Structure formats: C-alpha cells, structure tokens
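The values are calculated or read from the model by the stated rules, or taken from the named source; none is laboratory data. Keep in mind that this is a model prediction, so the values were computed, not measured. Note: ideal-geometry Cβ built from the backbone for every residue, glycine included; neighbour counts use all protein chains shown. Please note that ligands, DNA and RNA were not included when accessible areas were found on the heavy atoms of the full protein model with its side chains. Shrake-Rupley method; radii C 1.70, N 1.55, O 1.52, S 1.80 Å.
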Amino acid sequence: MVDTSDEWIRTRTGIIERRIVSEDENTSDLAVEAAKKAIKDAGISEDEIDLVVVATASPDLIWPSTACIVQNKLKIKNCGAFDISAVCTGFVYGLAVASQFVATGMYKNVLLIGAESISRFIDWKDRNTCVLFGDGAGAVVLQEATEGFGVLKNYLGADGKRIDILKIPAGGSAIPSSYESVEKKLHYIHMNGNEVYKFAITALVKSVKKVLSSSGFSLDEVNYIIPHQANQRITEAASARLKIDRNKIISNIDKYGNTSSASIPIALDEIYQSGKIKYGDLVITVGFGAGLTWGANLIRWNK
Ligand code: UT7
C-alpha cells in the first residue's frame, strides 16, 4: 500500500507485529475483554465496580462515552462512567484521576481501562503513520492499598500550544464531517513524526524525574519503568539519558506497535502475569502524546 519495508519498520521503530480489530469489533469490545480479566483477577464481581473509567483516543462514538458502552456490556448497574481524553497519555492521566476516588474513600473498586481501535483512524496510504499504530486494551481494578503502597505520586503535564504536531483535524465541532473533510483525509491521524519524536524523549525523561522528585525514592530504587510504547528508539534514548539499567525498562512494542492509551496497561499486565513484578516493587508508568500531554505515576505494588 505504501513505499516501505519490513527492514525500515523494524530498525526505525522496533515494531515486528501488530494487532488490528476485525470489522465487527469496536474499542468497547476490546475494553470489555480486558475488563473481565482484571475483574476476575481482583476477585470481585462486575456488580462491585463503583466507577468505570476508559482512557481512549479512538472511542466508539464522539459521545456518549465508551465507558457507558462498556458499563452496559458488562451489565454493571448503578455506577458512574466516563472517558479520559489524553490520547497516548490517557492511561497515566486515568490512573491519576481514578486513584483519587479510592484515596478519598469515595469508591472501593474503580475499573480503569486503556482501550484503542486506533487503526480506524489511520490513512493506510500515509507511511508516516500507518506503520506505527496497533489496536488493543488493558485494564486494572483500583482498590484501597496498605499505607505506603498503591499509587504514591502522580505528575501530569500539557502544552496546548503544540496541538498541531499530532491530531485528528476533523470530526469535532471545529471541523464537522463533510464531503470536503473526507476528501482532504482530515478524519485520519496527522503527525509530524520528527517533532513528536524529539518531544517524546524529553517528556519521558522529565516525567520520570518529576514523579520521583517529591517521593523520597531515587531512580536506583525503582524496579520497573513502563513507558508508553511509541518507538523502541524513543525508549532506548530515554533510558540512556536516565542512565537506568536497560532491563528495568519494559518494552513490548515489537508485538503490538503503538496502541496509544492501551500500551501501558498491556505491558503492565504482561509483567504481572509473568511473575516479574513482586509485592513491594516500585513501578513508574510514564506516557506522552498528543495535546501535547505527558506524565507519570509512581506505584508501590500491593499484590
Ligand atoms: O504515541 C505518540 C505518537 N507518535 C510517536 O511517538 C511517533 C514519534 N516519531 C517516530 O517514531 C519517528 O519519527 C517515525 C518512526 C515516525 C519516523 O522515523 P524517523 O527516523 O524520525 O524518520 P524521518 O521522519 O526522519 O524520515 C527519514 C526518512 C525520510 O526519507 P528521506 O526524506 O530521508 O528520503 C522519510 O520519508 O524515512 C522516510 N520514511 C519512511 N521510509 C520507509 C518515513 N516513513 C517511512 C516508512 N517507510 N514507513
């Protein structure tokens, strides 16, 4: 479809495989699958969920929220539901927001999902973007933690002056859909790859340092950093700048590509399921993306 090669994609991005939704699947379907696994792992039933939060850059509809669709598909009654719009930083923003409901004692079980069928917004004739993105979902159930455990710190950033370097121009109230918007391909992801690349490395390094700065922990004490999976070269350049042991930085972009807000919870689930992550481990989740947005969460694993 485009002038590219497997070799270019592997060496420039680290991506080898990706997953793409089938025609009859939407973001909410992937979200529901991930949610069911997280709810089972938490040892609770769907009825015990107090709030559903979905971080997504590819919602089923502009509105209502994908969270409401997920709530209905999971047959959960009497709970709140809303989406978080922070694109690839969505799960990091979501964790910061959702954990507050538990910390304040307002809710006991908060379901947070990062889910994307971002392939629906890709121009398969744009080699700049069509080689990068993949679909997927991951979920967590947030519950009360022992003192000193759980989500310890959050750091969030944004720079709205730079919306133009990564965006879907049309489909909102600024440019509603029209023949013209379709002809001009304004419903697809438009990205200045180089600009995003440079921003991503700086944002990743800065977010890790910021979230640790007031925590009393040093980078040496951190067991794992789970970055948003956008490009293997971004992850490697950031880990070199942080001077952190390469084995502490989780990478699975080779299998899934850039799954936007789903990339961190998918990677988190993989290290959890593999038994790598242990009770008391310090984990940093760190994201960056359109907006521009960036941020990090410092977590002490309580399971
Ligand atoms: O979640 C956040 C969202 N996005 C990102 O994080 C993406 C961040 N950016 C990147 O990952 C990288 O900038 C890309 C992977 C998008 C591009 O890699 P790059 O090393 O920055 O390449 P480039 O844009 O500097 O382009 C180098 C060359 C150009 O050709 P010329 O001008 O040197 O002849 C491009 O036209 O590579 C060409 N090129 C490609 N060639 C084959 C760009 N895309 C492709 C492609 N296949 N898919």
What number goes with the only condition from (1) within 16 Å of the ligand (Cβ to nearest atom); (2) open to solvent by 90 Å² or more (accessible area, probe 1.4 Å); (3) in a helix (DSSP H, G or I) that MET1 does not pass? (3)
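Residue by residue, here is whether (1) open to solvent by 10 Å² or more (accessible area, probe 1.4 Å); (2) more than 16 Å from the ligand (Cβ to nearest atom); (3) under 17 Å from ILE39 (Cα atoms); (4) modelled with pLDDT of 95 or more holds:
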{"residue": "PRO64", "(1), (2), (3), (4)": "yes, yes, no, yes"}
{"residue": "ALA98", "(1), (2), (3), (4)": "no, yes, yes, yes"}
{"residue": "PHE101", "(1), (2), (3), (4)": "yes, yes, no, yes"}
{"residue": "SER117", "(1), (2), (3), (4)": "no, no, no, yes"}
{"residue": "ILE122", "(1), (2), (3), (4)": "no, no, no, yes"}
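Test of understanding: among ALA145, ALA137, which residue is touching a residue at least 12 places away in the same chain (Cβ under 8 Å) and crowded, with 21+ Cβ neighbours inside 10 Å? Let's see the steps before the verdict.
Working: ALA145 fails: crowded, with 21+ Cβ neighbours inside 10 Å.
Just one listed residue meets the conditions, ALA137.
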Just to be sure before I move on: is CYS88 within 16 Å of the ligand (Cβ to nearest atom) and of a type outside the set (A, V, I, L, M) in the structure I sent? yes
Just name the residue that is surrounded by the most Cβ atoms within 10 Å (Cβ to Cβ) out of those in region 219-242 that are assigned to a loop (DSSP other than H, G, I, E, B) and away from the ligand (no atom under 16 Å from the Cβ). VAL222
Consider GLY291 carefully, then state whether it is crowded, with 24+ Cβ neighbours inside 10 Å, within 14 Å of the ligand (Cβ to nearest atom) and either among the acidic types (Asp, Glu) or not assigned by TED's automatic domain parsing to the domain that holds ASP29 (or both). no
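Can you spot a residue in region 75-88 that is basic (Lys, Arg) and more than 30 Å from MET191 (Cβ to Cβ)? I'd like the intermediate steps shown before the answer.
Let us first name the residues in region 75-88 that are basic (Lys, Arg), namely 75, 77.
Cutting the leftovers down to more than 30 Å from MET191 (Cβ to Cβ) gives us 75, 77.
Scanning region 75-88, I find at least one residue that is basic (Lys, Arg) and more than 30 Å from MET191 (Cβ to Cβ), so the answer is yes.
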Here are some conditions: (1) open to solvent by 50 Å² or more (accessible area, probe 1.4 Å); (2) more than 14 Å from the ligand (Cβ to nearest atom). TRP8 meets all but one. Which one does it not meet? (2)
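What is the residue count in region 201-234 for residues that are in contact (Cβ under 8 Å) with a residue 60 or more places away in the chain and β-branched (Val, Ile, Thr)?
Here the count works out to 5.
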For region 162-199 the number of residues that are assigned to a loop (DSSP other than H, G, I, E, B) and either more than 11 Å from the ligand (Cβ to nearest atom) or not aliphatic (A, V, I, L, M) (or both) is 17
Looking at this structure, is ALA81 outside the structural domain of GLU270 (by TED's automatic domain parsing), over 23 Å from LEU166 (Cβ atoms) and in a strand (DSSP E or B)? yes
Would region 254-271 turn up any residue that is in the same structural domain as GLU195 (by TED's automatic domain parsing), hydrophobic (A, V, I, L, M, F, W, C), within 11 Å of the ligand (Cβ to nearest atom) and open to solvent by 20 Å² or more (accessible area, probe 1.4 Å)? no
Against the definition (among the hydrophobic types (A, V, I, L, M, F, W, C), at pLDDT 95 or above and either within 18 Å of the chain's Cα centre (by Cα) or outside the structural domain of GLU270 (by TED's automatic domain parsing) (or both)), how does VAL222 come out, yes or no? no
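Let's see how each residue does on (1) more than 18 Å from PRO227 (Cα to Cα); (2) among the charged types (D, E, K, R):
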{"site": "SER58", "(1), (2)": "yes, no"}
{"site": "LEU61", "(1), (2)": "yes, no"}
{"site": "VAL70", "(1), (2)": "yes, no"}
{"site": "LYS77", "(1), (2)": "yes, yes"}
{"site": "GLY80", "(1), (2)": "yes, no"}
{"site": "ILE84", "(1), (2)": "yes, no"}
{"site": "GLY90", "(1), (2)": "no, no"}
{"site": "LEU95", "(1), (2)": "no, no"}
{"site": "GLN100", "(1), (2)": "yes, no"}
